[in-house]
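The structure under discussion appears below in the form of structure tokens.
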Amino acid sequence: MRVAVVGGGMAGLAAAYELASAGAEVVVLEGSDRLGGKLRLGDVGGLTVDLGAESILARRPEGLDLIHAIGLDDRVVHPATTTAAIWTHGALRPMPPTVMGIPADPAALAASGIAEMPTPRILPVPDHDVSVAEFVSERLGRDVLDRLVEPLLGGVYAGSTEHLSLRATTPQIADLGEDLIAAAAANRAAATRTGPVFAGLVGGIGQLPAAVAATPGIEVRLDATVRAVARTGDGWRLSVGPTTDVESVHADAVVVAAPAPAAARLLAVEAPAAAFALAAIDYASMAIVTFVLDDADVPEGSGFLVPPVDGTFIKAATVSSNKWGWLGDSGRTVIRASVGRAGESTLLQHDDAELAARALADLRQALGSLPEPADQAVQRWGGALPQYDVGHLDRVETIERSVAEVAGLEVCGAAYRGVGIPAVIASGRAAARRLLDAGTMES
């Protein structure tokens, strides 16, 4: 059986891996000139570094499971430090214990100087979906929302809590119940999890796509834009390539692992309800500016988040050479600054030099004197992060119901039930399993 996977990001590659491992013949059709989606390696100052995502959540098993399956176990590494800060009120302040920004230690919050300890309002959790901002501000006020919850979610979704869905993005907060502070404190006291929260790979997490794509049974075609998918009497026909030279690719089944806008176009005929719901999912653009510095004196810790309310140019920074021993061993300082949130597209309209200069100016305010970089790189991620706005899970259920009605068709990716690497890997492998379990792969 032959399966076409549309999209060569981690979701598509995970689906391809699962299918190929079950004996399918798989072709991955990627419209750009490279694999990996938001995972990418680059050379900055002679160092190979991640220009996109640089770590995975180790407490979700799917990422490490795939790393183990493809034989990269010996490269797995955990952060040398996880101490993080919030840059606010003119200083780097230690991040107090929280549950997704909900204070779990009132004394630590007071000592940090980040926000005033609120007097919580005890309110029931609504049955319907609401925004994170509405839910938190009604119970704990704006200060906790603006200076703890907002920067944490900004780092994950590059979105605004005014629009982000409570149920889709922070179910942990909803699960705290009526008394957020008391429940967060109890959650912290009862926490029994041990082991690292995050993991990476020596040499960069950007190695993962190529390693997955090397699985026997997977064919990869780059610069292969899929323009249409259509059912035929015995499977599927995909129109691939430039409009002046369209090629027909035939497959027994299709996995659409493209971002929501592209998926909506491809599914408009065969799954119109899914296409309509997909078209409603917005995306945020951002950029990562990576600096390599020599003889820099930077504080300890993995980096810091920045509350949007403080009006800075950057939204977060990671001192990668502190965080990852394999980079720290170079003797150089590597810092990544993130720029751009949903609704802030004008920030990204500067050229690369201006973007880097403004990011460096913020870093110098936060970290103190820094030398001129030995090298720097700007990686723009246009339309990178899907926005899980209020009602997102209802949209996803509509998409899944619509697609389930079409034999031999599946979807997967960051647009659905999680934007992190383990979540999209889970999405891809689950889509493949549904094809297999439905008997699509039977001869």
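Where a number appears in this text, it was derived from the coordinates with a stated rule and is not lab data. Keep in mind that what you see is a predicted model, and the values were worked out from it rather than measured. Cβ: placed from backbone, ideal geometry, glycine included. Neighbour counts: every protein chain shown.
Here are the numbers for the structure shown:
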quantity	calculated
Mean Cα-pair separation over length for the chain, i.e. relative contact order, pairs under 8 Å, 6 or more apart, %	25
Separation between Cα centres of the range 95-150 and the range 33-75, rounded to whole Å	33
Dipole magnitude (debye, nearest 20) for the chain, charges at Cβ of Lys, Arg, Asp, Glu	280
Convex hull of Cα atoms in the range 1-111, direction-averaged projection (nm²)	11.1
Debye equation applied to the C-alpha atoms of the range 98-190, log10 I(q)/I(0) at 0.13, 0.15 Å⁻¹	-0.37, -0.50
Alpha carbon convex hull of the range 283-386, volume per residue in cubic angstrom	101
Residue-count net charge about residue 234 - beta-carbon cut-off 12 Å; Lys, Arg +1, Asp, Glu -1	+2
Computed lengthening from residue 401 to residue 348, 0.36 nm per intervening residue step minus Cα-Cα distance	15.4 nm
√(5λ) per eigenvalue of the Cα gyration tensor, the range 241-338, largest first, Å	43, 20, 12
MRE, 222 nm, helices only [DSSP H, n ≥ 4, -39500 (n - 2.57), over the chain, to nearest 500]	-9000 deg cm²/dmol
Hydrodynamic radius (Kirkwood) for the range 359-443, which is based on Cα pairs only, to one decimal in Å	16.6
Over the range 44-165, equivalent-ellipsoid semi-axes from the Cα gyration tensor in Å	32, 20, 14
Contour excess over end-to-end distance, with Cα ends at residue 214 and residue 178 and 0.36 nm allotted per residue	8.0 nm
Value of D in µm² per second that Stokes-Einstein yields for the range 393-443, Kirkwood Rh from Cα pairs, at 4 °C (1.567 mPa s)	113
Principal-axis tilt of helix 10-21 within the chain, Cα atoms, nearest 10 degrees	50
Contact order normalised by residue count of the range 187-324, Cα under 8 Å, 6+ apart, percent	10
Beta bridges by DSSP in the chain, antiparallel share as percent, to the nearest 5	75
Within the range 356-374, backbone nitrogen closer than 15 Å to the virtual label 7 Å beyond the Cα of residue 91 toward Cβ	366-368
With Cα atoms, 0 to 90° folded angle of helix 421-437 axis to the chain main axis	20
Those residues of the range 138-180 whose amide nitrogen sits under 14 Å from the label point placed on residue 125, 7 Å along Cα→Cβ	166-180
